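Before any comments, here is the structure.
The values are calculated or read from the model by the stated rules, or taken from the named source; none is laboratory data. None of the values given here were measured: they were computed from a predicted structure. Ideal geometry is used to build each Cβ from the backbone, glycine not excepted, and the neighbour counts take in all protein chains shown. Accessible surface is based on the protein model in full, side chains and every heavy atom, while ligands, DNA and RNA are left aside. Shrake-Rupley method; radii C 1.70, N 1.55, O 1.52, S 1.80 Å.
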Amino acid sequence: MISQKIRALAPEQDPLRMGMGWTVEDLARPQIMVESTFGDSHPGSAHLLELAEEAVAGVRESGGKAARYFATDICDGMAQGHDGINYSLASRDTIANLIEIHAGATPFDGGVFISSCDKAVPAHLMAIGRVNMPSILVTGGVMDAGPGLLTLEQIGIYAAQCARGEISEEQLTWYKQHACPSCGACSFMGTASTMQVMGEALGLMLPGSALMPATCADLRAVARRAGEQVMKLAQMGLKPREMVTMDSFENAIMVHAAISGSTNSLLHIPAIAHEFGLELDAETFDRLHRGAHYLLDIRPAGRWPAQYFYYAGGVPRIMEEIRPMLHLDAMTVTGKTLGENLDELKRNGFYDRCDAYCAAAGITWQEVIRPFDRAIGTDGAIAILKGNLAPEGAVIKHTACPREMFRATLRARPFDSEEEAIHAVLTHEIRPGDAVFIRYEGPKGSGMPEMFYTSEAISSDRELGRSIALITDGRFSGASTGPSIGHVSPEAAVGGPIALVEEGDLISIDIPARRLDIVGVRGEPKTPEEMREILAARKAAWRPKPPKYPSGVLRLFSEHAVSPMKGGYMDV
């Protein structure tokens, strides 16, 4: 055990640990780091201390000694509407860096990582790949839905309706006061829920444990079992990089297609792969999504709140429906292959328990997770678009896009900030047939915040939601719906073509052909050759904006972040 080797090298370690209550017997046990994002920062992390204590108990009962470490996360929802959202993506890399410091300064024999939300789960997965010690992920589950199955992603729509005078302030206040009745991640298939599912799909969680209701006793039992299982992994010396391969990532992407996962996965999955020593490009997402069956009827694209996902059988049920498309020999934290895990779940009564949950909720699992031959869609959930506007690519969640917008030519309305764009939408300056651009919002521009309020203002407008597009080098909330194209690369801050778009340019969107192009100027169509000359002239005249952040973590992030289509992680 590495912990015992470190004791021999650092004679101060034993007395320092005894100073916080460790016994002589504790010092000689396998030592496990229990790292969580517990904190009073938001509902996704406020309940995690209880799960950490369960993991500590599981380690203790299995003969080990656990040490609790904490690096809490921020909430994208609380950061909305002000510059706080610019810290969101940078927080992912900062948490991963702090975990590296925790694990590197005092090496442990294994780790249990406990998190729930948008940046915390990918940060933990990145750290697991980076520190590469025997590890297991526990996710904090999902909050209950409110009255009438009210969920948080609906608040953006109601806020936009209130701003337009369509509902009263009193109605909006009632919705706000009832949308989050418990701890846990937000109850829709946004980024937090998607990344919990991705953790299990990668084989780094106990089978069937992703996206449990945060209020159910099953989740606390899973946390204790994780403490027990990490001891086995430590004794086996089974490290994450020995388990997680490109096959594991392809499994995760196939599950992502089946659940119509968040577009932010296009930032997180490549960044996680990078930490595992693998390079995963956006074309892999596009290739695996083509022809994939989309099965999950969960909000924001579907009918049900996310707690119903677990009732219906969760990740294992999804995997059973797409089983022929998966690499079943991929290794997992159980020490068994994915195929062995799925077979064991069928034998141990897992689906019987899920069916009981469904019966109590008055549904059947097939209403939530469609059988493969009754899929909601058969071409995955996302598409990677390329063209002279996005040479390195852009992403759209086509399952949330109106069919009318799959092929369209629109008039460009460029804005250099979200504040300008949302004002134009809410004051009806934007008309049907417009392509609203929000630029200089990529990783190097402003930290790559979400364009959530603008996308919700558009999608909640009955006319604009089916007749315009929102195009940005920033990103979108996992709750976003409508014709939203994000991650446009190269971004405006480095002089990508999105920085060169002018008022009245003609923008061609062709989702089936995976194209995103500037095809005209001032409403007049141009040939591809003419557009190349025009864009070259504009590029020659373009000048970069001064850095938005002169100091601090956002300066570091903006200086070192890679392209959105590579994962937006910090690199040298």
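Spin-label pair residue 97-residue 378: with each label point 7 Å from Cα along the Cα-Cβ axis, the two points sit 4.9 nm from one another. What the phi angles of region 464-474 give under the Karplus curve with 6.51, -1.76 and 1.60, with θ = phi - 60°, is a coupling list of 5, x, 10, 9, 10, 10, 10, 10, 8, 8, x Hz, glycine and proline written as x.
Counting only Cα atoms, the size of region 82-144 along its three principal axes is 41, 28, 15 Å, in decreasing order.
Compute the relative contact order of region 206-319 as a whole-number percentage, counting only Cα pairs closer than 8 Å that sit 6 or more residues apart in sequence. Don't jump to the answer; show the numbers that get you there.
Values: 81 pairs, mean separation 43.0, N = 114.
38 percent.
Label positions at residue 416 and residue 247, each projected 7 Å from the Cα along the C-beta direction, are separated by 5.2 nm. Gain on full extension, evaluated as 0.36 nm per residue between residue 220 and residue 61 minus their Cα-Cα distance, stands at 55.7 nm. In this structure, the amide hydrogen of residue 491, modeled 1.01 Å from its nitrogen in the peptide plane, lies closer than 5 angstrom to those of 496, counting only residues at least 5 positions away or on a different chain.
Can you tell me the accessible area per residue over the chain, all protein chains present, probe 1.4 angstrom, in square angstrom?
On the way: 20900 Å² over 572 residues.
Per residue, the chain has an accessible area of 37 Å².
Convex hull of alpha carbon positions in region 194-234: directionally averaged projected area 2.9 nm². The rule of thumb for compact globular proteins, 2.2 N^0.38 Å, goes into the C-alpha radius of gyration of region 461-527 1.19 times.
The listed peptides 229-239, 448-458, ordered by packing as a protection proxy, come out as 448-458, 229-239 (highest mean of other Cβ atoms within 10 Å first). In this structure, residue 540 and residue 278 have a Cβ-Cβ separation that, at R0 = 25 Å, corresponds to a calculated FRET efficiency of about 0.05.
Taking a quarter of the surface of the Cα convex hull of region 372-520 gives a mean projected area of 8.3 nm².
Order 197-207, 77-87, 31-41 from most to least packed using the mean count of other Cβ atoms within 10 Å. All intermediate terms of the calculation are to be shown ahead of the outcome.
Values: 197-207: 26.5, 77-87: 17.4, 31-41: 23.3.
Sorting 197-207, 77-87, 31-41 by mean packing, highest first, produces 197-207, 31-41, 77-87.
Using 28 Å as the Cα-Cα cut-off, could you pick out the over-long pairs in 444/526; 119/566; 176/386? Long pairs (Cα-Cα over 28 Å): 444/526; 176/386. Our summary gives the chain a relative contact order of 13 percent, counting only alpha carbon pairs under 8 angstrom and 6 or more residues apart.
Note: relative contact order over region 102-231, using C-alpha pairs below 8 Å and six or more positions apart, is 33 percent. Share of carbon and sulfur in the accessible area of region 476-548 stands at 56%, probe radius 1.4 Å.
Taking 4 °C and 1.567 mPa s as the conditions, I'd like the Stokes-Einstein D for region 110-257 in µm²/s, using the Kirkwood hydrodynamic radius from alpha carbon pairs. Mind showing how you got there, number by number?
Details: Rh = 16.7 Å.
Here the translational diffusion coefficient equals 78 µm²/s.
In plain terms, the chain from residue 12 to residue 49 could stretch by 10.5 nm, reckoned as 0.36 nm per residue minus the Cα-Cα distance.
Out of residues 5 or more away from residue 382 or on other chains, whose amide H comes under 5 Å of its own, with H placed 1.01 Å from N in the peptide plane? Here 398 satisfy the definition.
Under a Cβ-only charge scheme (Lys and Arg +1, Asp and Glu -1), can you give me the dipole magnitude of region 23-182 about the Cα centre, in debye to the nearest 20? Spell out each step's value before the answer.
Working: 9 positive and 20 negative charges, 62 e Å.
Here the size comes out at about 300 debye.
By the rule of a C-alpha distance below 22 Å, with chain neighbours fewer than 8 residues away ignored, the lysines paired with residue 336 are 232, 239, 346. Quick one, which of [x] 78, 54, 48; [y] 96, 81, 55; [z] 72, 66, 43 is the actual Cα extents along the principal axes in Å calculated for this model? Step by step, Cα extents along the principal axes in Å for this structure corresponds to label [x].
With N counted as the residues of region 402-454, its alpha-carbon radius of gyration over 2.2 N^0.38 Å works out to 1.22. Here the accessible area is traced with a 1.4 Å probe on the protein chains. For region 301-405, carbon and sulfur cover 50 percent of it.
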